[in-house]
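Only one structure is covered here, and it is reproduced in the block below.
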Amino acid sequence: MEKEKLVNYAKLIVKTGVNLKPNQDALIVGSVEIYEFIRILVKELYEAGARKVFIDYTDDDISNFHYQYQKDEALKKVENFELAKQQYIVDNLPCRIYLDSEVPDENISFDIKKLGVYSKARKEAFKKYRDIYEYKIQWCIAGVPSKKWAKKLFPALNDEQAVEKLWEEILKASRCFDGDPFKNWELHDKNLVKHADFLNKLNLTRLEYKSKNGTDFKVWLSKNVNWEAGGEYTQDTKIYFQPNIPTEEVFTSPIAGKCEGVVVATKPLSLNNTLVENFKVYFKDGKVDKIEAEKGEEAFEELFKSDERSRMLGECALVPFSNPINNSGILFFSTLFDENACCHLALGDAFKNLIKGYETMSKEEIDSVGLNNSINHVDFMIGSKDLTIKGYDEENNEYLIFNNGEWAI
Ligand code: ZN
C-alpha cells in the first residue's frame with residue numbers, strides 16, 4: 001500500500017480514533033508481523049504530542065509455546081509486574097490502541113482450556129484496576145493485515161498481493177481509502193448518532209426480531225439505558241474518541257436475564273481460537289439454554305465455564321445490511337469487521353456507561369438497573385437480508401425499526 005495512505009490511516013487512528021491529547025501516553029498492542037505499520041503509528045503518536053509510547057508486541061507462535069509448555073499453576077499466576085502495569089494505567093490513563101491482525105488458528109498445539117486458565121486469572125486480577133480506568137481512557141481498535149490473515153482471505157494470491165488486497169479492503173471498510181478520511185468520519189459519525197438519538201426518543205422497552213432463517217426472538221430493554229453509536233466521551237475528561245475503526249453499529253445493553261426465543265447466527269464466530277460455524281442460540285428465561293452448532297460448539301462450553309453470567313446478553317447492536325463491510329462480501333474472520341457487517345448480539349458484560357446519569361450513580365444504583373456483569377463479552381452476528389425488528393414502548397406502541405435488513409426509521 002502507498003506510504004501516504006498508511007500515514008493517513010495512522011493519523012486517523014491517532015486523531016479520530018483515540019484522539020490523543022498532548023503529553024498523554026499511549027499503549028499499543030500489536031503483532032510482531034505488523035511492525036512496519038507500528039513504526040508509522042508510533043511516529044504519528046509522537047508527532048501528535050505523545051509523552052511516551054509503549055508497545056506490547058504479540059507473537060502467535062510464542063503464545064502457542066506458552067500454552068503448550070506452561071503448567072496450569074504457572075499460567076494462573078499473575079506476576080507482580082503485570083499488576084504494576086495495571087497500576088500504571090490507573091495512575092497515568094494512557095490511551096490504548098489495539099491493532100487487530102489475527103486470524104483464528106485452527107492448528108493450535110495446546111489444549112484450548114489452557115487459554116481459558118490464563119485469561120480468566122488475568123481478567124479477575126485486573127478487574128479492580130479496569131473498573132477504575134475503563135471509562136476514563138480513550139481506546140481504539142483498528143485492523144492491520146498480517147500475511148497469515150491476508151492469505152486466509154485471499155488464498156489464490158501470492159503473499160504480497162494478498163496483503164495489498166487486504167489493506168485495500170481494510171481501508172475501504174474503514175472509510176479511509178477515498179476522499180478525506182477525517183471528513184468521511186465526521187459525516188459518518190453524525191449519521192450514526194442521528195439513529196441513536198431517534199431510538200433514545202422512543203424509550204423502547206422491548207425488541208422483537210424475525211427472519212426467514214428461523215430467528216424469532218424477544219429481548220427486554222430498560223428505559224434508563226441509552227442507545228449509542230459512533231464516538232464516545234471519556235468519563236470526567238470528556239474527550240471524544242472512536243473506539244472502533246470501522247464502526248457501523250447503533251447499540252444498547254438489554255436487561256440481563258430477560259429475553260426469549262432463538263437467534264440464528266449469520267456469520268461464523270471466532271471464539272478462543274476456535275471457529276464456531278452455522279450455529280443457533282436458544283434462550284430460555286433470559287439465559288442461553290442450548291447452542292446448536294455445526295462446528296466448534298465446545299468453545300461456548302468453555303466460555304460459560306469461565307463465567308456462568310456469559311449465558312446472559314450484554315449488548316444488542318443494529319447495523320444495516322448494506323454498508324461498506326457487508327457490501328465487500330468478504331468474511332474477515334475478525335469480530336471488529338464482521339460484527340460491523342450486520343446486526344449482532346453479545347453474550348456477557350453490558351456497557352454500564354450507557355445508563356442514564358451513570359456518572360453520578362453509586363455502584364448499588366448502577367446494579368439496580370439490572371445490566372449484565374461478566375468477565376466476557378462475545379459478539380455474534382445475526383443480521384440477515386430480510387431481518388425485521390420491531391420496537392415497543394411501555395404503552396406497547398409498535399415501531400418498525402428494521403425492515404428487510406435496513407433502517408426503517
Ligand atoms: Zn457491538
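The values are calculated or read from the model by the stated rules, or taken from the named source; none is laboratory data. All values derive from a computational prediction rather than experimental measurement. We place every Cβ from the backbone using ideal geometry, glycine too, and count neighbours over all the protein chains shown. Heavy atoms of the whole protein, side chains included, go into the accessibility calculation; ligands, DNA and RNA do not. Shrake-Rupley method; radii C 1.70, N 1.55, O 1.52, S 1.80 Å.
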query = Here are some conditions: (1) small (Gly, Ala, Ser); (2) in contact with a Phe, Trp or Tyr (Cβ under 9 Å, 6 or more places away or on another chain); (3) touching a residue at least 24 places away in the same chain (Cβ under 8 Å). Residue 293 meets all but one. Which one does it not meet?
reply = (3)
request  = For region 32-52, indicate whether the set of residues that are touching a helix residue (DSSP H, G or I) at 6+ places or on another chain (Cβ under 7 Å), touching a residue at least 40 places away in the same chain (Cβ under 8 Å) and open to solvent by 30 Å² or more (accessible area, probe 1.4 Å) is non-empty.
outcome  = yes
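Listed here are the residues, each with its yes/no results for (1) open to solvent by 70 Å² or more (accessible area, probe 1.4 Å); (2) at pLDDT below 95; (3) not assigned by TED's automatic domain parsing to the domain that holds residue 155.
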{"position": "70", "(1), (2), (3)": "no, no, no"}
{"position": "83", "(1), (2), (3)": "no, no, no"}
{"position": "87", "(1), (2), (3)": "yes, no, no"}
{"position": "102", "(1), (2), (3)": "yes, yes, no"}
{"position": "120", "(1), (2), (3)": "yes, yes, no"}
{"position": "127", "(1), (2), (3)": "yes, yes, no"}
remark   = Apart from one, (1) within 17 Å of residue 167 (Cα to Cα); (2) modelled with pLDDT under 95 all hold for residue 9; the odd one out is (2)
Filter result for residue 366 (surrounded by fewer than 22 Cβ atoms within 10 Å (Cβ to Cβ), in a helix (DSSP H, G or I), away from the ligand (no atom under 16 Å from the Cβ) and at pLDDT below 95) = yes
key: Subset of region 343-359 [open to solvent by 10 Å² or more (accessible area, probe 1.4 Å) and either part of a loop (DSSP other than H, G, I, E, B) or within 12 Å of the ligand (Cβ to nearest atom) (or both)]   = 349, 351, 356, 357
task = Filter region 137-149 for residues that are open to solvent by 60 Å² or more (accessible area, probe 1.4 Å) and not hydrophobic (A, V, I, L, M, F, W, C) and give the result.
result = 147, 148
Criterion (under 20 Å from the mean Cα position of the chain (by Cα), within 16 Å of the ligand (Cβ to nearest atom), of a type in the set (D, E, K, R) and under 18 Å from residue 260 (Cα atoms)) met by exactly one of 339, 315 = 315
key: When residues of region 374-406 are limited to those that are in a strand (DSSP E or B) and without any contact (Cβ under 8 Å) to a residue 60 or more places away in the chain, the one farthest from the ligand (Cβ to nearest atom)   = 398
task = Could you identify the single residue in 157, 204, 166 that is farther than 30 Å from residue 132 by Cα, surrounded by fewer than 16 Cβ atoms within 10 Å (Cβ to Cβ) and over 19 Å from the mean Cα position of the chain (by Cα)?
result = 157
query = So, in region 241-256, of the ones that are within 18 Å of the chain's Cα centre (by Cα) and away from the ligand (no atom under 13 Å from the Cβ), which residue ends up nearest to residue 20 (Cα to Cα)?
reply = 241
message = Can you confirm whether residue 371 is under 23 Å from residue 224 (Cβ atoms) and part of a loop (DSSP other than H, G, I, E, B)?
response = yes
task = List the strands (runs of 3 or more DSSP E) that sit entirely inside region 37-150 and contain at least 1 residues that are hydroxyl-bearing (Ser, Thr, Tyr) and over 19 Å from the mean Cα position of the chain (by Cα).
result = 53-58
request  = Can you give me the number of residues within region 171-199 that are free of Cβ contacts under 8 Å to residues at least 60 places away in the same chain, open to solvent by less than 80 Å² (accessible area, probe 1.4 Å), assigned to a helix (DSSP H, G or I) and over 18 Å from residue 232 (Cβ atoms)?
outcome  = 1
note = Selection over region 213-227 where residues are in contact with a Phe, Trp or Tyr (Cβ under 6 Å, 6 or more places away or on another chain) and either modelled with pLDDT under 95 or outside any strand (DSSP E or B) (or both) yields a count of 1
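Residue by residue, here is whether (1) among the charged types (D, E, K, R); (2) touching a residue at least 60 places away in the same chain (Cβ under 8 Å); (3) within 12 Å of the ligand (Cβ to nearest atom) holds:
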site: 297; (1), (2), (3): yes, no, no
site: 307; (1), (2), (3): yes, yes, no
site: 311; (1), (2), (3): yes, no, no
site: 327; (1), (2), (3): no, no, no
